[in-house]
């Protein structure tokens, strides 16, 4: 099978696990995962930057950016001191307007997180949407202490297909995790962003909101009713992500 180098974080959570799945299932490629350091045999080769929020890194790599996001909260001190030139970057699509502006890209660059393509890969098991669920960020192991009773708590440290099954069987998704929100959007399930402790990666959320054309809003665990009202007010305003365009601009030519 033809291979492709792709930046993949090894953390076993739904967002990071989706990255190679999307590439392999949609484009029939074998992903060779790399992260922060290239093995000697791959130095100088083009690398796919797909799903993720890591564009603060990799300034000197031959990056091919496809639906990726920029999140300054994830950039460490060493990278800030030596950001690289980005001279060898080729951009095909970015997650949202925040990333577009941060990288100085023109209007018209395709926008969208690759997770919106998951309905082309997986049809979830049919189940009644009988309850609301609360999805934890992978760094949080326990539910917030002030969370309302009656919500089922779901960890994102599990197989993405299982998470999609949970989402599709939910009448409202409250989520600390960005890619759970994006999957809920993709599968047409109501959702809202709940901010709980994990404040380091907030810009990526506003990047996502910019791609669907609404003003970003987060809620606390004591504001779940307000979160439902926000969705009811804004859902009809959401821009549709052009998934066909995302597929068309995928840089398949960098495979080897």
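Values quoted throughout were computed directly from the atomic coordinates according to the rules given, and no laboratory measurement underlies them. Computed from a predicted model, the values in this text were never measured in an experiment. Note that we place each Cβ from the backbone using ideal geometry, even for glycine, and neighbour counts take in every protein chain shown.
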Under the 0.36 nm per residue contour assumption, what length would be gained going from the current alpha-carbon distance of residue 41 and residue 101 to full extension? 18.2 nm
Answer rounded, prolate or oblate for the stretch 119-237, using the Cα gyration tensor with square roots of eigenvalues a ≥ b ≥ c: rounded when a/c is under 1.5, else prolate when a/b is larger than b/c, else oblate. rounded
Order these by the 10 Å Cβ neighbour count, fewest first: 137, 97, 253. 253, 97, 137
Starting from the Cα-Cα distance between residue 233 and residue 139, subtract it from 0.36 nm times their residue separation and give me the gain in nm to one decimal. 30.8 nm
Please order 193, 89 by the number of other Cβ within 10 Å, starting at the fewest. 89, 193
Checked against the structure, the computed Rg/Rh (Cα atoms, Kirkwood Rh) among [x] 0.96; [y] 1.20; [z] 1.00 is the one labelled [x]
Multiply the residue gap between residue 130 and residue 249 by 0.36 nm, knock off their C-alpha separation, and tell me the result in nm, one decimal place. 39.0 nm
